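Quick notes on the structure that follows.
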Amino acid sequence: MTVPPGTPAAPPAPGRRDAEATKAAILKAARHFLARQAHGHITLKAVAERAGVSPPLVLKYFGSKDALFARVMSFEDDSAALLDAPLDVLGRHMVRHVLESQRERGADPVLRIVFAPLHGAHGDVLRANFRTQVTERLAERLTGPDAGLRAELGVAALLGLGVMYGIARGPGLRHSAIDDLVERYAPTVQIHLTPGRPGG
């Protein structure tokens, strides 16, 4: 049957929605442990219990512990969302995205890089992914000199915000309106992205 142009797409079937929610819960649980334990000490059983599912279901969706943590150690999807704004307002977007991710979803898009030292050789994978998928991708967006350095400085400012909000749990940050924090902090990031311009 031909669908007329402009017809809204059908919503995903309940089973598909449930599967996506289950995968998201498993990934969130794996991120939780990645920030607290060395890779070798994390078990699929612990991840499954935290996600509220059975270990066989983790294997069904991800295949193995290594495959699951390969997903968790990738910044591909997070980077796409983090950098999804025009360059002249990218600092504002990045700050808002980090704050909303932490406050509303309990997951910072890039903060897990600070736990790389916990994970030995897996930490090297985390660092390599972070460089290629976050800082180097941001540098590709920048114009002018020292794009790589400026990208690293902009991301460093963003990581500092994430650490103070999510790890140090600064009460001033956590009790302030996101709009106010964006107004205050976006220029700190934007100055590295578009030097000499207002802070977004």
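With a 1.4 Å probe and every protein chain left in place, tell me how much accessible area PHE115 has, in Å² to the nearest 10.
Rounded to the nearest 10, the figure is 50 Å².
Quick one: pull the percent of accessible area on the chain belonging to carbon and sulfur, 1.4 Å probe, ligands and nucleic acids left out.
On the chain, the fraction of accessible area on carbon and sulfur atoms equals 57 percent.
Given the options VAL72, VAL53, VAL110, which has the most mean-square fluctuation in a GNM of the chain, springs set between C-alpha atoms less than 10 angstrom apart?
So, out of VAL72, VAL53, VAL110, the one fluctuating most is VAL53.
Accessible surface of ASP84 in the full protein assembly, 1.4 angstrom probe, to the nearest 10 Å²?
ASP84 has an accessible surface of roughly 110 Å² with all protein chains in place.
Sticking with the crude label model, points 7 Å out along Cα→Cβ, report the distance from GLN37 to ALA80 in nm, one decimal please.
Label-label distance for GLN37 and ALA80, simple model: 3.0 nm.
Of the listed values [x] 101, 18, 13; [y] 30, 24, 17; [z] 24, 22, 16, identify the label whose number matches semi-axes √(5λ) of the Cα gyration tensor in Å calculated from this model.
This structure yields the entry labelled [y].
With every protein chain left in place, what is the accessible area per residue of the chain in square angstrom, probe 1.4 Å?
Values: 10780 Å² over 200 residues.
Each residue of the chain exposes 54 Å² on average to a 1.4 Å probe.
Give me the distance in nm between label points sitting 7 Å out from Cα along the Cα-to-Cβ direction at MET164 and GLU49, one decimal.
Reported label-point gap for MET164 and GLU49 is 3.7 nm.
So what is the calculated 222 nm ellipticity per residue for the chain, using -39500 (n - 2.57) for each DSSP H run with n of 4 or more, over all residues, to the nearest 500 deg cm²/dmol? The partial results should precede the final answer.
On the way: 11 runs with 116 residues, N = 200.
Rounded to the nearest 500, the figure is -17500 deg cm²/dmol.
The values are calculated or read from the model by the stated rules, or taken from the named source; none is laboratory data. Computed from a predicted structure; not experimentally measured. In this analysis, Cβ positions are derived from the backbone assuming ideal geometry, glycine residues included, and neighbour counts consider all displayed protein chains. Accessible surface is based on the protein model in full, side chains and every heavy atom, while ligands, DNA and RNA are left aside. Shrake-Rupley method; radii C 1.70, N 1.55, O 1.52, S 1.80 Å.
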